Amino acid sequence: MKKATSLFVTMMLLFYLTGCQDSQPEQALSGACKTYDGYLSVDDGKLFVNDFEFIDMADQYWINTLGLTAEDMPNGYYIHDTSDDFLTFTLSDETRYNFYDTGAAFVPEDSQDRLYTTTSLNDFLSVFDSDGDGELSNTPFEIQVLEDGQVVSVSEIFIN
């Protein structure tokens, strides 16, 4: 019995000592990302986002508030542009670009999965900015951004 009690006290002391350390590594950012849906433009390492809300048939509140009908949602959704303001974020060499390579520029033609991921802004722009003006047409994207405004990823929202 003394051995069991002694072992128990020793274990509790170890847990107490390891759990009560003063120095914790400091972290500048929590690593939390905020997600936006929107239309994009790119200029000089900056990403400009005209954010919007997707409204689908399950969003009865918004359907009623906006007076939407089935004709307004022929593909089962409605894009509600809530503002003309643009959000501005910073792109980096680590930003991931995820998109569907329907033209087989990067993915082999016989591949069944057309989803392509790259960290090359040039590859991304070659698909979505054909005239070189930085406007990425009317393709919707999902953008993940860190608290400091650094873009983690840009993903094409493939809609029909």
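Distance from the C-alpha centroid of the range 44-63 to that of the range 99-132: 23 Å, rounded to the whole angstrom.
Would you calculate the volume per residue, in Å³, of the smallest convex hull containing every Cα atom of the range 101-160? Working shown, then result.
Numbers: hull volume 6.4 nm³, N = 60.
Here the figure is 106 Å³ per residue.
Label positions at THR35 and ASP93, each projected 7 Å from the Cα along the C-beta direction, are separated by 2.9 nm.
Can you tell me what percent of all Cα-Cα pairs in the range 27-160 are more than 23 Å apart? List each step's numbers first, then the result.
Values: 3637 of 8911 pairs.
The calculated P(r) of the range 27-160 puts 41 percent of pairs beyond 23 Å.
Which chymotrypsin sites (Phe, Trp or Tyr not before Pro) in the range 86-151 pass both tests, a DSSP loop state and at most 16 other beta-carbon atoms within 10 Å? Display every interim value, and only then the final one.
Working: sites: PHE86, PHE89, TYR97, PHE99, TYR100, PHE106, TYR116, PHE124, PHE128, PHE141; in loops: PHE86, PHE106.
Taking the range 86-151 and a limit of 16 other Cβ atoms within 10 Å, the loop chymotrypsin sites (Phe, Trp or Tyr not before Pro) found are PHE86, PHE106.
The slack between TYR100 and PHE54, meaning 0.36 nm per residue of separation minus the straight C-alpha distance, is 14.6 nm.
Modelled label positions at ASP148 and PHE86, each set 7 Å beyond Cα in the direction of Cβ, lie 2.4 nm from each other.
Values in this text are rule-based calculations from the coordinates and carry no lab data. Note that the structure is predicted; figures quoted are calculated from it, not measured. For neighbour counting, all protein chains shown are included, and Cβ atoms are generated from backbone atoms with ideal geometry for every residue, glycine included.
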